[in-house]
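Structure, as structure tokens:
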Amino acid sequence: MITPPDSSPPPLRSSGEQSRGAPDPAADRQAKQLFDYTLALADDALVSAQRMGWWISRAPQLEEDLALANIGLDQLGQARTLLAYAGQVEGAGRGEDDLAYLRDERDFRNVHLVERDQSDFGVAMARLLLFSAWQAELYGALRTSTDTTLAGVAGKAVKEVAYHLDHARQWVLRLGDGTEESHERMQAALDAEWRYLLELFDNDWLDGDLVEAGVAIDPARLCDAVLARIEPVVTEATLVVPEVAPAIGGGRRGLHTEQMGYLLAEMQHLTRSHPGATW
Amino acid sequence: MSSTEWPLWEVFVRSRRGLSHVHAGSLHAPDAEMALRNARDVYTRREEGVSLWVVPSAVIEASTPDERDSFFDPAADKIYRHPTFYDVPEGVEHL
């Protein structure tokens, strides 16, 4: 965490106030912090939505197809509001589409958990369990953020995420406590995803000022509560809470896995091939 | 080979308080809990409802076309069952 250079920093600007008049280095630095934080939350939701979209037309049943599409669209909605806000905070004229489609891989701040391939249904459900448990705690806490826009996004998203978590729980229970094969595959999926859980609680990238000002939530403080949501589901599903070495991570600093480039290529290609195209 | 198809469920949606649940359609689900969730995802995406029922299609006993004559035709000439033979007193608004 970085200590602020002056002892009494001015209050953080919220809801996208733009800097005006004489340059104000402290205000610019605060805007940059808020931009980075908002972008991290937005990119988690955006990239997860893109992976969820892969399932459309591929889910095991029509009903599940719609369920996963709904979940992906909820996440996309969160991402859109957050990206628009990030663009406003930045004050450089970038909108939600510019941030989603015209940034390069190193400028994305999402965790590795959400960016990897999830074309195995068990993996998709294991990941949704971890990610929505995290989002449930994060948005729950963010509802009282001193930043009114972040608090507003969180207030709306918390209900959506509760449903995502329930959906993941239903499937983890049924597959974990199902047939011998489904049990084994669900455990394997959980083991694979668990390595990426810890990155969510990393707070090295986050500026302490934002947390102290009540704008951001320190991710590390959510760890116990997130695990308390996940572990009972794992146990009830007759699965074992994995003991695996955490992956290296680095998403919050713009370092991504090989699969991120392919995801972005697919997500961004239309906008980049036809700049300014409209329906 | 046993069937691997999930059983069929009938979905009833109440659009708002005070109205009754109305049949909206059907869907497949492995059990009642998932049927309820699938119903939410398939039939209430556009704010269609505030309450949902799901019923296994197999437990519904339905009348058949063969029974139409005996079931429904006898009501056709019983017009006195319609409350149309009363003079409504003047000034009564809510009858």
Q.
At 1.4 Å probe size, put A:Phe35, B:Phe12 in order of accessible surface, largest to smallest.
A. B:Phe12, A:Phe35
Q) Please identify the trypsin sites (Lys or Arg not before Pro) of the range B:14-47 that satisfy two criteria: DSSP loop assignment and at most 15 other Cβ atoms within 10 Å. Which are they? A) B:Arg16, B:Arg17, B:Arg45, B:Arg46
(Q) For a quick size check, give me the Cα extents of the range A:81-237 along its three principal axes, largest first, whole Å. (A) 55, 32, 28
**Q.** Backbone N within the range A:105-146 under 19 Å of label point (7 Å from A:Glu258 Cα along the Cβ vector)
**A.** A:105-106, A:112-120
Q | Largest to smallest accessible area among A:Tyr196, A:Tyr139 [probe 1.4 Å] | A | A:Tyr196, A:Tyr139
Q) Amide H to amide H under 5 Å from A:Thr146: which residues, 5+ apart in sequence or cross-chain, H placed 1.01 Å off N in plane? A) A:Val215
Q | Heavy-atom accessible surface of the range A:26-273: percent carbon and sulfur, 1.4 Å | A | 52
Q: Please report the buried accessible area for the interface of A with B, total over both chains, probe 1.4 Å, in Å² to the nearest 100.
A: 1400
Q. Using a Gaussian network model of chain A with C-alpha springs under 10 Å, which one of A:Val47, A:Val233, A:Val244 is most mobile by mean-square fluctuation?
A. A:Val244
Q.
Using helices alone, I'd like the mean residue ellipticity at 222 nm for chain A: each DSSP H run of four-plus residues gives -39500 (n - 2.57), total over residue count, nearest 500.
A. -20500 deg cm²/dmol
Q) Non-local amide H neighbours of B:Ala29 (under 5 Å, H modeled in plane, Pro and chain starts lacking H): which ones? A) B:Trp9
Q.
Probe of 1.4 angstrom, ligands and nucleic acids ignored: what's the accessible area per residue over the range A:118-261, in square angstrom?
A. 41
(Q) Return the equivalent ellipsoid semi-axes of the protein assembly as shown as a descending list in whole Å, where each equals the square root of 5 times an eigenvalue of the C-alpha gyration tensor. (A) 48, 29, 19
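Given Cβ point charges of +1 (Lys, Arg) and -1 (Asp, Glu) and nothing else, what value in debye, to the nearest 20, does the dipole of the range A:26-273 about its Cα centre take?
Details: 23 positive and 41 negative charges, 99 e Å.
Once rounded to the nearest 20, the dipole reads 480 debye.
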Q: Sequence neighbours fewer than 8 away in the same chain don't count; with that in mind, list the lysines whose C-alpha is under 17 Å from B:Lys78.
A: none
Q: Sticking with the crude label model, points 7 Å out along Cα→Cβ, report the distance from A:Gln61 to B:Arg81 in nm, one decimal please.
A: 3.9
Q: Please identify the helices of chain A, taking whole runs of DSSP H, that span at least 18 Å along their own axis as judged from the Cα atoms and have a mean Kyte-Doolittle score of -1.0 or higher.
A: A:25-53, A:62-90, A:121-142, A:148-176, A:223-236, A:258-273
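The values are calculated or read from the model by the stated rules, or taken from the named source; none is laboratory data. This one's a predicted model, so the numbers in the text were calculated from it and none came from an experiment. Methodologically, a virtual Cβ is constructed for each residue, glycine included, from the backbone with ideal geometry; neighbour enumeration extends over all protein chains shown. We work out accessible area using only protein heavy atoms, side chains counted, and drop any ligands, DNA or RNA first. Shrake-Rupley method; radii C 1.70, N 1.55, O 1.52, S 1.80 Å.
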